[in-house]
Each structure stands twice: as structure tokens, then as C-alpha cells.
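Comments concern the structure below.
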């Protein structure tokens, strides 16, 4: 099922953990509606701006999957409101800045881990807060790095 020009329901629900653990990660109708918004309001503008394919690393997570990966019990992923992703060849801080300046969102988190691993977590909601955070070593700071 297509959610936007370049994104499908299958890629927004795909999970190696769900497959390995036999978890049914099928969203309900409301979560599908949010996933469609995530694709059209976040991923599609990024895809069109940078002109390269994007593969989300995490979209929808049912409660069992979210628990299995140690996700927050309040995760917007469980509602279909969030996506984690990178854009191949694009600096993660510059990507976060472009999203901040060009996309309507609820929350934008630049997640940085050890060994240089980083990704964007971006979400929508009924009333977007436009909250921008950087998460490093499980600590959150307002805004993006000044690099």
C-alpha cells in the first residue's frame, strides 16, 4: 500500500526484530493515517529536496515490538506518528537543520550514539510543538549542535 509517492506501508512497518521474534507489527487504521501523514509531511519533502532514496530505519512499532527493542513506553512510533531515518551522503546535522527550517513537525531529535552512529527521529501530532532536541548518550539538549 502506497502512503506517498515514494513510501509504502511495508517499509514503514518493516522490522528485523519483529520478523525474528514473530511479532505482528500491523498498524490499526488510525496509525495508518498517521503514517501517511509522516510520509507526506516529513519523508516526502526530504526525499524531494535531496533527490535520493531514503529507507526508514523505524516507523510504526506495535506495543510488543516497542517493548522488545526497549523503546519508550510513550513512543510516538506506537501511534504511527514517528519515523527514524538518515539520508545517504547527507551530513546528519545539516539534514536536521534543513528539516527544522522547512518541515512542520511535532518533534525533531538528532540522535547521536557512540561510534559515530546517528539518525533523525521526527514526528507529527494533532498539535505540532516544533520541538528540536539533540540526544547524546541518553541526555537531551534543546536545539541542534553549533558546528
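Points worth noting:
- There is no residue in the range 32-43 that is under 19 Å from residue 111 (Cβ atoms), outside any loop (DSSP other than H, G, I, E, B) and touching a helix residue (DSSP H, G or I) at 6+ places or on another chain (Cβ under 6 Å).
- Residue within the range 52-61 that is over 12 Å from the mean Cα position of the chain (by Cα) and outside any helix (DSSP H, G or I) present: yes
- If you filter the range 63-78 down to residues that are out of contact with any helix residue (DSSP H, G or I) (no Cβ under 7 Å at 6 or more places or on another chain) and touching a residue at least 40 places away in the same chain (Cβ under 8 Å), you find that the one that is surrounded by the most Cβ atoms within 10 Å (Cβ to Cβ) is 76.
- Qualifying positions in the range 26-58 - more than 17 Å from residue 13 (Cβ to Cβ) and surrounded by 14 or more Cβ atoms within 10 Å (Cβ to Cβ): 41, 44, 45, 46, 47, 49, 50
- Checking each residue of the range 130-147 against the condition of being touching a helix residue (DSSP H, G or I) at 6+ places or on another chain (Cβ under 9 Å), closer than 18 Å to residue 12 by Cα and crowded, with 18+ Cβ neighbours inside 10 Å gives no match.
- The single condition among (1) outside any strand (DSSP E or B); (2) under 12 Å from the mean Cα position of the chain (by Cα) that residue 119 does not meet is (1).
- Yes/no for residue 88 being surrounded by 15 or more Cβ atoms within 10 Å (Cβ to Cβ) and part of a loop (DSSP other than H, G, I, E, B): no
No value in this document is a laboratory result; all are computed from the given coordinates. What you see is a predicted model, and the numbers here were worked out from it, not measured in a lab. Using ideal geometry, Cβ is built from the backbone for each residue, glycine included, and neighbour counts are taken over all protein chains shown.
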